[in-house]
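Engineer: This is the structure I have questions about; it appears just below.
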Amino acid sequence: MKKIILLLAVTVTGSLLAAPPAGPQTSSYKEPRKQRPGGARRLQPHLWRAFAELSDQERKEIFQLQRNDPEKFREVMQKKAEEIMKAEQLERKKLMTFAKLYQNAKTDKEKAVIEKQTSEILKKRFSKRLTANRRHLEGMKRRAAMLEKELDKKAANADKIVALQTQAILSGKFTFAPRGQQKKAEMQPKKTLPEK
């Protein structure tokens with residue numbers, strides 16, 4: 001009987017020592033971060049490339065999918081990124097093969113053929129990047145035009161805006177918060193006691 005009690009005491013003590021402490025942890029131990037499936041870190045630049053290569057209509061559809069089914073959105077974008085990554089790897093292997101073939105070529109005719117093939121691959125890659133950059137630039141121009149309209153609208157209504165801000169501050173509806181918390185404080189009306 002004493003052996004059973006001793007065994008139970010040792011087991012309970014061991015399990016208590018092995019268990020993480022309850023409540024907030026004060027030690028420097030941190031849970032290891034969970035890795036995203038499929039090497040998401042490796043795919044990150046390709047995700048941006050996949051998004052950049054979408055047409056405007058495809059972007060609208062993908063944004064809709066993101067709102068309605070985030071998990072499906074991640075799957076679709078990850079698949080597109082993987083396709084881009086695999087295609088790039090294939091192109092790189094081809095280019096490295098062409099480089100070796102070119103260096104080992106015996107005749108000028110062989111070198112010319114290899115040079116032409118290499119140039120075609122690089123031209124296609126360059127053209128793809130230019131198209132994506134142009135699309136990005138067009139998006140930036142549209143956003144800049146919208147911002148300019150918004151600024152013009154604010155400039156036209158400057159007197160009204162300043163008058164409203166003046167009244168809000170003087171009536172005590174809004175107060176200034178310490179730097180960094182201003183926006184949050186400006187968005188929240190100051191609670192005032194009801195008048196007696």
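Engineer: Here is a check on your reading of the model: is GLU61 charged (D, E, K, R) and in contact with a helix residue (DSSP H, G or I) (Cβ under 9 Å, 6 or more places away or on another chain)?
Structural biologist: no
Engineer: Take the conditions open to solvent by less than 100 Å² (accessible area, probe 1.4 Å) and under 21 Å from the mean Cα position of the chain (by Cα) and apply them to LYS60. Does it pass?
Structural biologist: Considered against the rule, which asks whether it is open to solvent by less than 100 Å² (accessible area, probe 1.4 Å) and under 21 Å from the mean Cα position of the chain (by Cα), LYS60 comes out as no.
Engineer: Follow-up. Looking at (1) under 22 Å from ALA50 (Cα atoms); (2) open to solvent by 100 Å² or more (accessible area, probe 1.4 Å), which is the one condition that is false for PRO70?
Structural biologist: The single condition PRO70 does not satisfy is (2).
The values are calculated or read from the model by the stated rules, or taken from the named source; none is laboratory data. Worth saying up front: this structure is predicted, and the values here are computed from it rather than measured. A quick note on method: Cβ atoms are made from the backbone with ideal geometry, for glycine too, and the neighbour counts reach across all protein chains shown. With ligands, DNA and RNA removed, areas are computed over all heavy atoms of the protein, side chains included. Shrake-Rupley method; radii C 1.70, N 1.55, O 1.52, S 1.80 Å.
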